[in-house]
Amino acid sequence: MISEPHFPSQQELNDLVRYMGLTKSNAELLTSRLKQWNLLDSSCRCSLSRKRHERFSRYFSVAGSLCFCSNVDNLFEEIGIAHDPKEWRLFIDSSSQSLKCVLLNNGNQYPSIPVGHSVQMREDYKNVKFLLESINYVRYNWQLCGDFKMIGFLKGLQGGYTKHSCFLCLWNSRADTEHYSRKDWPERTFFVPGTQNVKHDPLVDSEKILMPPLHIKLGLVKQFVKAMNKDGDGFQRISALFPFLSEAKKKAGIFTGPQVRLMLQCKELENKMTMREAEAWKAFREVVNFFLGSKRSDDYKVLVNNLMEEYEKLGCCISLKMHYLNSHLDFFSPNMGDVSEEHGERFHQDISDMERRYQGRWSCNMMGDYLWSIIREDFSVHRRKSRKQNHF
Ligand SMILES: [Zn+2]
């Protein structure tokens with residue numbers, strides 16, 4: 001039996017255009033041809049609602065190469081969500097040539113809301129300061145997350161491998177011999193530029209900073225792999241998992257979140273390791289599952305202690321990321337899964353699709369269009385989702 005022809009509705013057409021990643025002009029060409037051939041539902045308009053982005057883009061401004069939200073409260077009102085700054089955290093993502101920031105909902109019930117975007121601003125203290133001023137951070141005082149480099153900018157610390165790189169205490173990164181035996185270091189009580197590796201006035205209070213569990217995990221894997229026997233079966237098995245990754249990266253233990261997840265899923269891996277490696281790996285897995293993810297077990301302190309012991313036996317060095325685990329356990333948020341920086345990864349993907357669509361012509365319109373698309377697409381989905389989500 002031949003089924004009836006289906007004439008796509010405006011919504012189906014919009015979805016198709018988005019899935020295909022068409023540029024605006026190509027999308028319009030496709031729409032007008034389909035319309036000409038009478039292949040669209042009569043409700044479809046020829047121009048793909050050119051003005052739809054304006055609903056949101058008017059809350060954005062441009063200064064230099066930064067496009068930012070000039071009134072977050074009003075933007076939220078337009079979207080239709082109440083904006084309680086305590087319910088949102090500011091995730092700042094940066095690289096050598098871009099700076100992007102987005103509000104993530106604690107508990108992740110809502111889609112991420114972009115509030116600042118620049119593909120030309122490099123990551124440095126001055127630009128992060130400018131970004132925070134532009135979006136009027138002092139008015140909202142959200143908690144913040146990002147990687148450790150970003151935390152360094154937020155606290156005005158000197159970059160690179162410095163002696164006092166911890167923003168909470170005066171841990172001496174160079175006193176290797178004391179790293180495992182000593183947990184308590186003098187607390188940082190002041191931030192004066194020119195002293196204790198502080199270079200600039202801090203931009204935010206330390207209590208506003210959220211520990212980034214993803215980056216702690218990556219740091220733990222790095223130290224673990226660096227200490228592995230490179231000729232052993234364990235390392236060879238890891239190596240075989242990532243045939244396209246450079247040998248140098250593998251040996252330096254530089255992996256991404258999804259790669260670490262793959263390693264944790266590989267059942268065979270533990271059997272290939274030496275006894276000592278396997279013990280440390282098991283301890284790492286426990287800390288990931290019962291401390292750094294969405295579940296925190298009652299005995300998480302025991303698990304973290306055990307990890308430290310196993311890592312010491314294996315001969316791992318304590319990096320800054322491990323130091324936070326070793327000395328500042330109380331600083332970690334009790335609901336890590338709800339306030340992790342991992343959710344920013346999704347925004348990363350979404351916004352790069354949008355950048356491709358606009359082919360570098362990023363602007364207030366792009367932000368408006370992006371918001372329009374996520375809100376239509378996501379809100380129903382996000383509202384249906386339960387709070388329990390799988391983190392890695
Ligand atoms: Zn410290």
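The values are calculated or read from the model by the stated rules, or taken from the named source; none is laboratory data. This structure is a prediction, so every number in the text was calculated from the model and none was measured. Here the Cβ positions follow ideal geometry from the backbone for every residue, glycine too, while neighbour counts run over all protein chains shown. Side chains are part of the model used for accessible areas, which takes the heavy atoms of the whole protein and leaves out ligands, DNA and RNA. Shrake-Rupley method; radii C 1.70, N 1.55, O 1.52, S 1.80 Å.
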At q = 0.13, 0.16, 0.19 1/Å the base-10 log of I(q)/I(0) from the Debye formula over the alpha-carbon atoms of region 213-331 is -0.46, -0.70, -1.01
Note: Ser61 to Tyr180 extended length (0.36 nm per residue) minus current alpha-carbon separation gives 37.9 nm
Carbon/sulfur accessible area of the chain, % of total, 1.4 Å probe, equals 50 percent
Expressed per residue, the solvent accessible area of region 213-331 in Å² (1.4 Å probe) is about 47 Å²
Heavy-atom accessible area of Leu16, protein chains in place, probe 1.4 angstrom, given in Å² to nearest 10, is 80 Å²
Quick calc, region 144-210, dipole around Cα centre from Cβ unit charges on Lys, Arg (+) and Asp, Glu (-), nearest 20 debye, gives 160 debye
Residue-normalised 222 nm signal for the chain, counting each DSSP H run of n ≥ 4 as -39,500 (n - 2.57), nearest 500 deg cm²/dmol, is -13000 deg cm²/dmol
With +1 at each Lys and Arg Cβ and -1 at each Asp and Glu Cβ, the charge dipole magnitude of region 213-331 around its Cα centre, to the nearest 20 debye, comes out at 420 debye
If one compares the long axis through the Cα atoms of helix 24-36 with the longest principal axis of the Cα atoms of the chain, the angle in degrees, nearest 10, works out at 40 degrees
With label points set 7 Å from each Cα along the Cα-to-Cβ direction at Ser297 and Arg276, the distance between them in nm comes to 2.5 nm
Between Gln97 and Lys149, the FRET efficiency computed from the C-beta separation at R0 = 25 Å comes out, to the nearest 0.05, as 0.95
Full extension between Asn141 and Val119 adds, at 0.36 nm per residue less the Cα distance, a length in nm of 5.4 nm
Under a 1.4 Å probe, counting only protein heavy atoms, Asp147 has an accessible area in Å², nearest 10, of 50 Å²
Quick numbers on the chain, Rg and Dmax over C-alpha atoms in Å, give 23.9, 81
If R0 = 56 Å, then Asn289 and Lys126, at their Cβ-Cβ distance, give a FRET efficiency to the nearest 0.05 of 0.90
Sorting Thr195, Ala27, Ile351 by the position of each Cα along the dipole of the chain (Lys, Arg +1; Asp, Glu -1; all at Cβ), the one nearest the positive end of that ordering is Ala27
Computed for the chain: size of charge dipole around the Cα centre, +1 on C-beta of each Lys and Arg, -1 on C-beta of each Asp and Glu, debye to nearest 20, value 640 debye
Check: C-alpha center region 46-113 vs C-alpha center region 140-176, spacing in Å is 27 Å
Ignoring ligands and nucleic acids, Thr189 exposes an accessible area, probe 1.4 Å, in Å² to the nearest 10, of 110 Å²
